[in-house]
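Single-structure report; data block below.
The values are calculated or read from the model by the stated rules, or taken from the named source; none is laboratory data. Here the structure is a predicted model, which is why all the values come from computation and not from measurement. Cβ coordinates were reconstructed from backbone atoms using ideal geometry, including for glycine residues, and neighbour counts include every protein chain displayed. The accessibility values were calculated without ligands, DNA or RNA, using every heavy atom of the protein model including side chains. Shrake-Rupley method; radii C 1.70, N 1.55, O 1.52, S 1.80 Å.
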Amino acid sequence: MLWFVLCRTELLLCRDGERWRLPQGDDAPVAVKHRVQPLPSLDGEECRALTIDSPVAEDERRMFPLRQTYGMLPLAHYNMAGKAAMLAYFDQNTRFCGVCGAPMRWDTDISKRCTECGKEQWPQLATAVIVRVERGDEILLVRARNFRGDYYGLVAGFVETGESLEDCVRREVREETGIEIADIRYFDSQPWPFPSGLMVGFTARYVSGSVRLQHSELASGGWFRRDNLPPIPDKASIARRLIDDFFLENRV
């Protein structure tokens with residue numbers, strides 16, 4: 001059995017020679033104080049998740065920020081850890097019914113039901129779009145004010161009520177940079193458990209306008225070619241895949 005042990009936004013891993021892996025075994029690797037969360041199986045192996053109140057810090061076992069475990073773990077394990085983190089977030093934020101205020105209880109492995117009025121509650125995903133805007137051999141890169149590092153990423157934003165994904169792409173690009181785009185095409189998607197999101201990637205072609213940054217959201221931005229790229233996101237993000245894909249296709 002694989003165990004996904006979470007303490008806030010960190011995941012417990014065990015040393016395995018020079019590498020790190022998930023805890024395995026029939027019994028939980030830590031004292032169980034909270035509900036054990038069933039997860040789907042991976043290649044026939046059962047998976048369980050649980051949360052702990054204090055981090056583990058030992059020579060052979062330690063906590064890692066979830067995003068840092070990308071590349072340390074097999075992709076299927078990393079994605080399942082993300083699912084565990086999103087279910088833990090759901091549990092923490094649905095202790096009481098939003099209709100009548102009574103306690104909520106788990107009803108299925110991924111849903112809760114109010115103990116009084118019977119209202120069902122399922123995990124809610126915050127859907128966001130992210131877009132690579134192309135202009136010849138250049139792409140538009142921006143640095144958001146909430147980025148923790150000095151890297152540049154792509155225009156992104158959350159989908160609003162009553163809005164299609166494509167409408168959101170157009171609106172976010174227009175609001176954040178003042179330019180117009182066309183030929184919006186789906187690229188790929190990625191679960192984003194920070195804390196509970198789904199990133200939907202697109203590409204688009206520049207049509208018109210000069211870049212006028214929305215300074216309440218963006219610190220800087222502009223058009224970049226392969227030979228003048230600033231620092232870009234790590235490989236854990238769909239933003240990096242979108243950027244790498246463009247320069248792989250445009251090798252000149």
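Below, the figures for the structure above:
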read-out: Extreme residue, surrounded by the most Cβ atoms within 10 Å (Cβ to Cβ), among residues of segment 155-166 that are touching a residue at least 12 places away in the same chain (Cβ under 8 Å) and over 22 Å from Ala219 (Cβ atoms); value: Val159
read-out: Residue within segment 80-90 that is open to solvent by 20 Å² or more (accessible area, probe 1.4 Å), over 15 Å from the mean Cα position of the chain (by Cα), under 29 Å from Ala156 (Cβ atoms) and among the aliphatic types (A, V, I, L, M) present; value: no
read-out: Test: residue in segment 211-232 that is among the hydroxyl-bearing types (Ser, Thr, Tyr) and buried (at least 16 other Cβ atoms within 10 Å of the Cβ); value: no
read-out: Selection count where residues are under 17 Å from Pro193 (Cα atoms), of a type in the set (S, T, N, Q) and open to solvent by 60 Å² or more (accessible area, probe 1.4 Å), scope segment 54-72; value: 1
read-out: Subset of segment 10-30 (residues that are at negative phi and without any contact (Cβ under 8 Å) to a residue 40 or more places away in the chain); value: Asp16, Glu18, Pro23, Gln24, Asp26, Asp27, Ala28, Pro29, Val30
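Matching residues to (1) open to solvent by less than 30 Å² (accessible area, probe 1.4 Å); (2) part of a helix (DSSP H, G or I); (3) touching a His at 6+ places or on another chain (Cβ under 7 Å); (4) of a type outside the set (Ser, Thr, Tyr):
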site: Cys168; (1), (2), (3), (4): yes, yes, no, yes
site: Glu175; (1), (2), (3), (4): no, yes, no, yes
site: Ile184; (1), (2), (3), (4): no, no, no, yes
site: Asp188; (1), (2), (3), (4): no, no, no, yes
site: Phe194; (1), (2), (3), (4): no, no, no, yes
site: Val200; (1), (2), (3), (4): yes, no, no, yes
site: Ala239; (1), (2), (3), (4): yes, yes, no, yes
